[in-house]
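The values are calculated or read from the model by the stated rules, or taken from the named source; none is laboratory data. Because the structure is a prediction, the values reported are computed rather than measured. Counting neighbours? That spans all protein chains shown, and the Cβs are built from the backbone with ideal geometry, glycine included. Side chains included, ligands, DNA and RNA excluded: accessible areas come from the protein's heavy atoms. Shrake-Rupley method; radii C 1.70, N 1.55, O 1.52, S 1.80 Å.
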Amino acid sequence: MSNFETLRQKIEAHEARVVVVGLGYVGLPLAIALAHDGYGGFSVTGLDVCEERVRLVNAGLWPLDPQEPVLPGMLKKAVEAGTLTATDDYEVCRDADVIVVCVPTPVNEHKDPDYGALWAAITSIAQYAKSALVIVESTLAPYTTEDIAQMLWPGVKLAHCPERVAPGCLLHNLRYMPRIIGGYTKEATELAALFYLQVIATSELHLTDCLTAEISKTFENAYRDVQIALANELALICQDLGADVWEVRRLVNTNVGRDVMEPGPGVGGSCLTKDTWLLASSLGEPAEMLITARAINDGMPSRVVDLVTEALREAKVSLSGATVTLLGVAYRENTSDVRESPAIKIMSRLGRTGCEVRFYDPHVDGYDGDLVQALTDSDAAIIVTPHSEFANLNWRNLGGVMRHRVLIDTRGMVKEAPNGFVFRGLGRGR
Ligand code: SAJ
């Protein structure tokens, strides 16, 4: 029987031995779902270089900081059932039929791909895996799959199936998001598609080649980044002209095919902040619009600091020596994920001016204490993350504990300036 046929049969019968390399936000949910008897039911080994993460997974404990619904319970069950184990030893790849690579692919300080983790994983896999199906879920700059193929060729079947999960809904996205599968060969595409069909609930698999998959993934996030930059530019235009961006946005969106996104204090998270750079790194000519969008979004924390400075000046409070409370540390609403959060950038800019900066975030451990205490004796409050808890705060009461009543809303959550407050809204010129 050919290697292709053997793999096909093992995958279909759920008898394939699976290794998931990288037990982070992408790899861990996948390893759990693959091992769960209701979904994949495969025998799965999670591989990670972090000993502590390996230890926690083997103990049936969720090892990641941001909490997720359902997954921790599924992890415990899979470990107890013996279908999921973890290791830091690549030798496990020797007997693997399917290896899925989910390691981080960030960019360095020059915005070039930092493939340290990727090359370490691929080099180790190449040492042991001779005929497995290798799928790379990590986001890749165009032509990277080609380079990976050179390292694994000729025995291994290789496909790029870029991840599409987001914190707070990792399992849901994994099960229901349409997937793009770009095989290095037609056989690899076919096997990878068959493999995902065993674990995902959607049948929407889009089969293509690896270069098209790489460009599609990086561009889908670059596209979102540009759309947000455009909304942020509109906010700055409205602020300058004395209009309200939320009303302008509402009116623009009444026309067919217009869907202006929401302006805000900048773009956080690990996807949108780097995928433009991965895409741009592979080009001969600069991708001007994408790079301008990055610059606009990266500039938003400074615009927020400008608003704070202006509002404090109106309240006759000097910025140096003021106490400012940031409402929200997470980059994304209703999650505890703080990666690349605009809150951190605002904090460091304010810190440089001599401000004391406090945080309150009901979703983030360590910052989830008491809102009233966080605001007591503050000179200003800034709404940074649009957590639902911040939607209907009673500013009349909260103002009573503040030293000065200054409020900055970067997310359009406060409809009317509260009485007695110096109020500034991002994109609200009046
Ligand atoms: N943001 C705005 N205005 C908006 C939408 C977002 O300022 O209208 C800001 C957010 O506050 C945040 C940043 O942009 O700081 C990123 O937000 P996001 O909703 O795009 O969240 P991410 O970064 O977690 O994006 C992920 C992406 N998923 C992957 O890369 C696998 C993205 O492709 C998804 O579209 C997004 O989740 C999603 O919609 O869930």
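Points to keep in mind about this one:
- Residues that are among the hydroxyl-bearing types (Ser, Thr, Tyr), more than 11 Å from the ligand (Cβ to nearest atom) and open to solvent by 20 Å² or more (accessible area, probe 1.4 Å), drawn from the stretch 316-336: Ser318, Ser320, Ser336
- The number of residues in the stretch 146-184 that are assigned to a loop (DSSP other than H, G, I, E, B) and either under 21 Å from Trp62 (Cβ atoms) or charged (D, E, K, R) (or both) comes to 7.
- Selection within the stretch 212-238 - in contact with a strand residue (DSSP E or B) (Cβ under 7 Å, 6 or more places away or on another chain), open to solvent by 20 Å² or more (accessible area, probe 1.4 Å) and more than 12 Å from the ligand (Cβ to nearest atom): Thr212
- Only one of the listed residues (Gly182, Gly242) is surrounded by fewer than 19 Cβ atoms within 10 Å (Cβ to Cβ) and small (Gly, Ala, Ser). That residue is Gly242.
- Criterion: within 16 Å of the ligand (Cβ to nearest atom) and over 26 Å from Glu109 (Cβ atoms) - qualifying residue of Val267, Val248, Val308, Val304: Val248
- Helices (runs of 4 or more DSSP H) lying entirely in the stretch 1-85 (those with 3 or more residues that are open to solvent by 60 Å² or more (accessible area, probe 1.4 Å) and farther than 21 Å from Val101 by Cα): 71-81
- The residue of the stretch 382-404 that is most open to solvent (accessible area, probe 1.4 Å), among those that are more than 34 Å from the chain's Cα centre (by Cα) and touching a residue at least 40 places away in the same chain (Cβ under 8 Å), is Arg403.
- Tabulated pairs, the stretch 232-257, first in contact (Cβ under 8 Å) with a residue 40 or more places away in the chain, second open to solvent by 60 Å² or more (accessible area, probe 1.4 Å) and assigned to a helix (DSSP H, G or I), C-beta under 7 angstrom, 6+ apart or interchain: Leu236/Arg303
- Among the residues listed as Asp379, Asp409, Asp361, the single one being surrounded by 21 or more Cβ atoms within 10 Å (Cβ to Cβ), out of contact with any helix residue (DSSP H, G or I) (no Cβ under 6 Å at 6 or more places or on another chain), under 21 Å from Gly321 (Cα atoms) and not polar (S, T, N, Q): Asp379
- Candidate set: the stretch 109-129, residues that are free of Cβ contacts under 8 Å to residues at least 60 places away in the same chain, open to solvent by 50 Å² or more (accessible area, probe 1.4 Å) and outside any helix (DSSP H, G or I); chosen: the one farthest from Ser270 (Cα to Cα): His110
- Candidates in the stretch 130-145 are the residues that are of a type in the set (Val, Ile, Thr) and not in a helix (DSSP H, G or I); of these, the one that is surrounded by the most Cβ atoms within 10 Å (Cβ to Cβ) is Val136.
- Tabulated pairs, the stretch 154-168, first on the phi > 0 side of the Ramachandran plot, second near the ligand (Cβ under 6 Å from one of its atoms) and open to solvent by less than 20 Å² (accessible area, probe 1.4 Å), C-beta under 8 angstrom, 6+ apart or interchain: none
- Matching entry among Arg339, Arg313, Arg294, Arg349 (being open to solvent by 30 Å² or more (accessible area, probe 1.4 Å), basic (Lys, Arg) and within 16 Å of the ligand (Cβ to nearest atom)): Arg339
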